[in-house]
Every structure is written in structure tokens, then in C-alpha cells.
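The numbers here are math on the coordinates, done by the rules we state, and not lab data. Worth saying up front: this structure is predicted, and the values here are computed from it rather than measured. Neighbour counts run over all protein chains shown; Cβ positions are idealised from the backbone, glycine included.
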Amino acid sequence: MSPPAQSHAVRDPAAASRPASARRIAQLALPALVVLAAEPLYVLVDTAVVGHLGSVQLAAVAVSGTVMSVAAWLGTLMAYGTTGRAARRFGAGDRAAAVAEGVQASWLALAVGVLLAVLAQPLAGPLAHALAGDPATAEAAAHWLRVAALGAPGLLLAAAGNGWMRGVQDTRRPLFYVLGANVLSAILCPVLVYPVGWGLVGSAIANVVAQTVSGGFFLYALVRETRQLRPSPQIIVQQLRLGRDLLIRGAAFQACFLSATAVASRFGVESVGAHQIALQLWFFSALALDAVAIAAQSLVGAALGAGSEADARTVAKKVTVAGGLAGVVFAVLAAAGSGVIPGWFTPDAGVHDQASLIWPWFIGLMPFAGVVYALDGVLIGAGDVRFLRNITLAAALLGFLPAIWIAYFFDLGLGGIWAGLALLILIRFATTVWRWRSDRWVVVGVTR
């Protein structure tokens, strides 16, 4: 692979790796926080706009949004896998090789995104009817999904771009790319839904605009970075092989959340609406807490690529403490807003009543989730994804999935569903803390 067109492609581990101080973690984490929060914040705005159309439309977005989360999940996997591989090469002083990971990840992103957009057209109807509890909700969800799926290529290109930029410790440009696109879409959404009069489909079009613009920005940045843009099947295969554990782990999460939405739909329109509000707030909080984990991925990967076990352990310790404290802050904010937050999304009193069943679970789990997400970042940066795969499968199969289906069969309502989420988080908390305290995740070198 030839060096990139710009002059910064040097082999110098000292230049590529800075001390893992709290200030350096903050320099990477704060821009990443805005990037991570931008998409779920837009989804919250979208949910609030659609929620005022009616409970059926809100339920439709809950169902179709859960299906679209599969694309977002694939993007997260792509970003995380690319960050770890690029960071080790950057830590070893080879920026050109780090950027090359981004080139191949972008080819993969484009191919998968186009495939998802095409498949969504015939499959949207069957998927929506399988997940929704009522025909009107299913029909509206399928219509939204067919349009929104057209944004999948841009969404995945942006994820690949975020991955390699985090790997080279550049979190500032992604800040402007993602924030700009989502601000544009947040303005478009209420305009298209109400004054233009497109209703639910206007929300889907606004999604497509944000994702396409963001993907275009990242593609432009990659073209400016290097002239070596041809696909390399060998590197793509390596990325797929190394990413399979993240894929399996992510599939376990998707099975959990898809099943939860399906069960919530069976409890009624108000229940699935409340579940949508709480779940989107949970995703927003999770991605915001992931800001420190993003810094951990980049710094741990670079430290191990440069051969520094001590720096890797220092980062791990600092982000674990920071994650726990951030989780406490989110719990306090959620408790303070328990009486007003559901009203931001819908005036439906029935949805508010159902949301009150979820809120104690939401608040209590936040501090544990903060630690879990931080340690996820450490272990992904270290390439210890097989361990993460195994514990996630165990937590899903032994905790979350049995709990929510028990909730369905015994009519335990939303409280039963969120008790399942509690089991998922607490099993992961216990196992990731144990792994962090051991030395098994510390493996130095360019590859694990």
C-alpha cells in the first residue's frame, strides 16, 4: 500500500502516541460525545415530532425504527472494528496503513448499505407485520421503512469513516460532519411532516437526508487523505474475519431488542409507545456514555500497537472510573426529569402511565451501564472481542430473552421486559469487571 498523498504518513511511534492523560482522554471523548449523541438526539426529535401525529404513528416508528437499528448496529460494528485495527497501526507509527483500513471498510460499508436498501423494499411489509401487534401500525411502519432504508449506504459510510478517524485519533472532523448533517435533518423533519404535509413519510425522508449527507462528508475526507482507493479483497476478508465476533455479539443485542419490541407490541399501542420512548432514551444515554469508550478504543489500541502495556492499563483504569461517574450523572438527570420527559414525546396519558413503570429500572441501571460501556471500549480497543462475544451471548440467552418471554406469557407488562434488560446489564457488568482486573486482555503488537 503506497503512502497517502499528504505528508503525515510517517512511521514514528512516539509521534503517533501521546500520553494517556485525563486531558487527552477528554480531548478525544468530548468531540466523540457530540458525534455519538447527534444521531440518537435526532431520533428523539423525530420521535417527538411523529408522536404528535398520534399513537399509531408513534408505534409505527417504534416498530420500523427497531428494524432500521439493524443498519445502525452494522455501522457500529464497522466503526468499532475499524477503530481497533487502525489504532494499532497508528500507534506503531504507520498512518498510511491505518487509513488503508478505512478505505477497505468504506468499500464494505457501501456494498452492505446498498444491499440493505434493496432488500428493505420487498421485506419491509413482512417484517413490520411480524413485529407489530395491529395492522394499521404495521402498514404505517412498512411505508416508513421502505423510504428510510435508502439512507443505509450513507449511514454505513459514515460509520466506516468514524472508525478510521478515531483510529488516527481525529475526533474533531467527525464532529462537524455528523452534527451538520443531523442539524439539517432536525430542521427538515418537522417542516416535511407538518407544513409540507407528508406526515410519517416526511420523517423518513429527513432521515435519508441526514445519513446521505454525513456519508458524503466522510467519503470526501477519505478521498483527500489518500490516492489508494482501490478495493483490496484480502484486507476486506481480514476485516470480516476479525469482525465476526463483534457481528455475533451485535446479533445477540439485536435479538434482544427486536424481541423486546415484539413483546411490548403485544401489550398494546400505549405500551409499545412508552417502550419506544424509554428505549430511545436508553440508546441515547448509552451512546453518550460510549464517548469515553471511544477514547479508550483509540488510546488502548495505540498503546498496545506501540508496545506499551502500562499506558493501556492506565487508560483502562481511568475510563472505568469515568464511565461509572457518568452513569451516576445520567441516573440523576433521569430521576429529576421523570415527571416531564415522557410529555416531550407525546400527550397520550396512557403512554405516560406505561412509561412510569419503566422509569425506576432506567434510573437504577445507569451507573452499572456506564462501567459496562467504558470497559467494552477498553476490550474492543485491545481486540478482546471473543470474550465480549461470549459474555454477551450468555447474558442474552440466560438473562434477557428468557425474562422478556416470561413477561409475555405471564402478562408482566413493561416491568418484566425491563427486568430482562437489568439481567443483561448486570451479567455483563460482573464479567467485564472481572476481565479488566485480569491481564488476559493486554496483548501488545500491531495485531492481536
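Find the relative contact order for the stretch 20-437 and round it to a whole percent, using C-alpha pairs within less than 8 Å whose residues are 6+ positions apart.
Computed value for the stretch 20-437: 23 percent relative contact order.
Could you tell me the calculated FRET efficiency between ARG440 and SER338, based on Cβ-Cβ distance and R0 = 45 angstrom, to the nearest 0.05?
Working: r = 40 Å, r/R0 = 0.90.
For R0 = 45 Å, the calculated efficiency reads 0.65.
Per-residue HN-Hα couplings for the stretch 328-335, Karplus 6.51 cos²θ - 1.76 cosθ + 1.60 at θ = phi - 60°, whole Hz, x for Gly and Pro?
Values per residue, Gly and Pro as x: 5, 4, 5, 4, 5, 5, 5, 5 Hz.
Once the other residues with Cβ under 12 Å from the Cβ of ARG173 are scored (Lys, Arg +1; Asp, Glu -1), what is the net sum?
The answer is +1.
May I ask you to sort MET68, MET366, MET165 by Cβ crowding, counting other Cβ atoms within 10 Å and putting the fewest first? Before the final figure, lay out each step's value.
Values: MET68 22, MET366 25, MET165 29.
Taking fewest neighbouring Cβ atoms as first place, the list is MET68, MET366, MET165.
Loop-only trypsin sites (Lys or Arg not before Pro) in the stretch 134-227, please: DSSP not H, G, I, E or B, and at most 13 other Cβ atoms within 10 Å.
For trypsin sites (Lys or Arg not before Pro) across the stretch 134-227 that sit outside H, G, I, E and B with at most 13 neighbouring Cβ atoms in 10 Å, the list reads ARG227.
Tell me what the chain gives for mean residue ellipticity at 222 nm when only DSSP H runs of n ≥ 4 count, each as -39,500 (n - 2.57), the sum divided by the residue total, rounded to 500 deg cm²/dmol.
Details: 15 runs with 363 residues, N = 448.
About -28500 deg cm²/dmol.
Between beta-carbons, use under 15 Å as the cut-off and find the net charge around ILE235, counting Lys and Arg +1, Asp and Glu -1.
Details: positive: ARG85, ARG88, ARG89, ARG230, ARG241; negative: ASP94, GLU101.
Result for the neighbourhood of ILE235: +3.
Full extension from ILE406 to ALA26: what is 0.36 nm times the residue separation minus their Cα-Cα distance, to one decimal in nm?
So the chain would gain 132.6 nm between ILE406 and ALA26.
Using Cα pairs closer than 8 Å and at least 6 residues apart in sequence, work out the relative contact order for the stretch 85-233, in percent. Could you put the intermediate results ahead of the total?
Working: 199 pairs, mean separation 46.3, N = 149.
Once divided by the residue count of the stretch 85-233, the mean separation gives 31 percent.
Which of SER214, SER55, SER438, SER185 has the fewest other C-beta atoms within 10 Å, and how do the rest follow up to the most?
So the ranking, lowest neighbour count to highest, is SER438, SER55, SER185, SER214.
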